[in-house]
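*Asks:* Have a look at the structure that comes next, please.
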Amino acid sequence: MVDITCSKNTVTAKLKGEIDHHNAPDIRRSIDSKCESFRPKTLVLDFSGVSFMDSSGIGLIMGRYRQISYLGGKLEVVNVPDMLKRIISLSGIERLGVLK
């Protein structure tokens, strides 16, 4: 699912396993809750442990982008496996400038 850590001004969510319509809502709630209480300048979504993602993963990224922007911070999406880069590219998320 997701391991969330907080440091100085950053919340890092290390995603694991599959992101689909079954587990995306729980992941979203966990990340949003931590961001609401910690108010980070940067939210990092680390995809290094993700083995599968459907459109729910795209929604997860977009929603966290909106939320962290609303809080005055920025989003970074890091360590995206090659097998997921195509779905992210097709979604247009690259244009947001969040992929690192």
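*Asks:* Of all residues in segment 75-97, which are under 14 Å from residue 13 (Cβ atoms) and not acidic (Asp, Glu)?
*Replies:* 75, 77, 78, 79, 80
*Asks:* Name the helices (runs of 4 or more DSSP H) wholly inside the chain in which the number of residues that are on the phi < 0 side of the Ramachandran plot, surrounded by 12 or more Cβ atoms within 10 Å (Cβ to Cβ) and in contact (Cβ under 8 Å) with a residue 40 or more places away in the chain is 1 or more.
*Replies:* 55-70
Readers should treat all values here as calculations from the given coordinates under stated rules, not as data from a laboratory. Since the model is a prediction, treat every value here as computed from it, not as a measurement. No Cβ is skipped: glycine too gets one built from the backbone with ideal geometry, and neighbour counts run over all protein chains shown.
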